[in-house]
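Structure first, then comments.
Read the figures in this text as sums done on the coordinates, not as results from a lab. All figures in this text were calculated on a predicted structure; none of them were measured in a lab. Every residue, glycine among them, receives a Cβ derived from its backbone with ideal geometry; neighbour counts consider all protein chains shown.
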Amino acid sequence: MKAVIPVAGEGTRLRPHTHTIPKPLLRVAGKPILGHILDDVVALGIKEVVLVVGYRGENIVDYVRANYDIDLSFVEQSERLGLGHAIYLSREFIGEEPVLILLGDTIFKGDLKKMVASGGNSIGVKRVADPRRFGIAELQDSRIVSLVEKPEKPKSDLAVAGIYAITESAALYGALDSIIKSGKRTKGEFQLTDALNLMIEDGSVLKSFEVEGWYDCGKPEALLETNKALLELASPEVKIPGSIIIDPVYIGENVTVESSVIGPFVSVAKNSTIKRSIIRNSILGESAVVEDGLLDSSLIGDNAAVKGMFKRLNVGDSSEIDFT
């Protein structure tokens with residue numbers, strides 16, 4: 001099996017951070033979003049990965065090559081024409097081999113080995129409170145009979161969670177080819193759900209697989225919620241003399257913390273400095289500086305400096321705010 005990960009988007013909802021860093025490389029729980037995804041891919045024994053890149057794609061490719069021993073291919077999506085179009089661009093690298101598709105801004109937790117080992121075509125789903133916001137799977141037993149993109153009157157509360165294990169790759173790419181050549185768009189884009197529906201109409205069996213954890217990283221508040229959830233799942237106990245650490249937190253290498261209270265749900269990247277501050281439910285980038293600060297639900301970018309008393313900030317890379 002090969003993996004395809006679309007990572008072409010600009011991440012406009014996460015500006016100012018994505019002005020300088022592509023969204024998949026933003027950190028959550030001590031690691032880039034893409035790092036969490038690739039760790040799961042490697043754990044499945046998959047050695048060949050195709051990245052569909054676009055905005056700051058060279059940064060993403062450099063990160064993967066520097067940190068993972070995998071056979072990496074990449075293709076550029078120069079026009080953002082939808083998820084279906086992004087997956088279609090990977091066709092020459094997959095051929096008829098089984099493919100695992102994972103969205104580049106979503107982290108999953110669950111028994112993915114079971115999903116892949118079950119054989120056949122499987123789509124990850126998750127029960128949600130408001131199905132109108134998502135692509136929805138309609139089932140008969142565990143078999144998917146229809147996929148509907150953000151329906152006004154949903155017939156199911158099972159959202160498509162953005163992970164797809166497809167053994168009939170030729171059928172998938174054939175369906176994608178059909179909708180693209182016919183110009184069929186839904187909500188202005190070529191949708192993967194439309195291609196999967198076409199597979200169902202042509203006789204393919206698609207089964208549902210309910211994932212345990214589905215963590216969106218598309219907006220600042222979602223990024224913080226994902227940071228919280230992942231830290232709760234696994235984070236080592238941290239003790240720093242002269243400061244109070246309220247677990248769970250992540251503290252990177254070469255971080256200086258003096259006379260501060262850190263946590264809960266705080267991630268601090270390497271080479272950062274925190275002095276005389278109280279920080280909770282926040283993410284600090286590399287080489288960030290916080291002095292005399294009170295931060296809650298905040299995102300602080302790489303090389304950003306914050307000095308003074310605040311409650312909530314969203315500060316991009318290389319910024320400086322001083323209210324002392």
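Structure shown: which of 219/307; 109/184; 2/155; 47/155; 23/155 lie over 28 Å apart, alpha-carbon to alpha-carbon?
109/184; 2/155; 47/155; 23/155
Along the charge dipole of the chain, which of 42, 278, 75 sits closest to the positive end, that is, farthest toward it, with unit charges on the beta carbon of Lys, Arg, Asp and Glu (+1, +1, -1, -1)?
Result: 278.
Percent antiparallel among DSSP beta bridges with both residues in the chain, to the nearest 5?
Of all bridge pairs located within the chain, approximately 35 percent are antiparallel.
Compute the long axis of helix 192-201 from its Cα atoms, compare it with the longest principal axis of the Cα atoms of the chain, and write down the angle in degrees, 0 to 90, nearest 10.
30 degrees
Taking the Kirkwood radius as the inverse of the mean 1/r across Cα pairs, report the Rg/Rh of segment 252-302.
Rounded to two decimals, Rg over Rh is 0.90.
Compute the helix-to-body angle for 169-182: its Cα long axis versus the longest principal axis of the chain, expressed 0 to 90° and rounded to tens.
The two axes meet at around 90 degrees.
For the chain, what value does the Rg/Rh ratio take when both radii are computed over Cα atoms and Rh is the Kirkwood radius, given to two decimals?
In the chain, Rg relative to Rh is 1.01.
Based on the mean of other beta carbon atoms within 10 Å per residue, what is the order of 70-78, 294-302, 130-138, most packed first?
Ranking, from highest mean packing down: 294-302, 130-138, 70-78.
Which of 186, 106 has the fewest other C-beta atoms within 10 Å, and how do the rest follow up to the most?
186, 106
List, largest first, the extents of the alpha carbons of segment 138-290 along their principal axes, each in whole Å.
Principal extents (Cα only, largest first): 66, 33, 31 Å.
Could you tell me how far the Cα centroid of segment 1-37 sits from the Cα centroid of segment 205-259, in Å?
Using only Cα atoms to place each centre, the spacing works out to 16 Å.
If I fit a long axis through the Cα atoms of helix 33-43 and take the longest principal axis of the Cα atoms of the chain, what angle between them do I get, 0 to 90°, rounded to 10?
Result, in degrees: 60.
Tell me the mean residue ellipticity at 222 nm calculated for the chain from its helices only (DSSP H runs of n ≥ 4, each -39500 (n - 2.57), averaged over every residue, nearest 500).
Per the formula, -7000 deg cm²/dmol.
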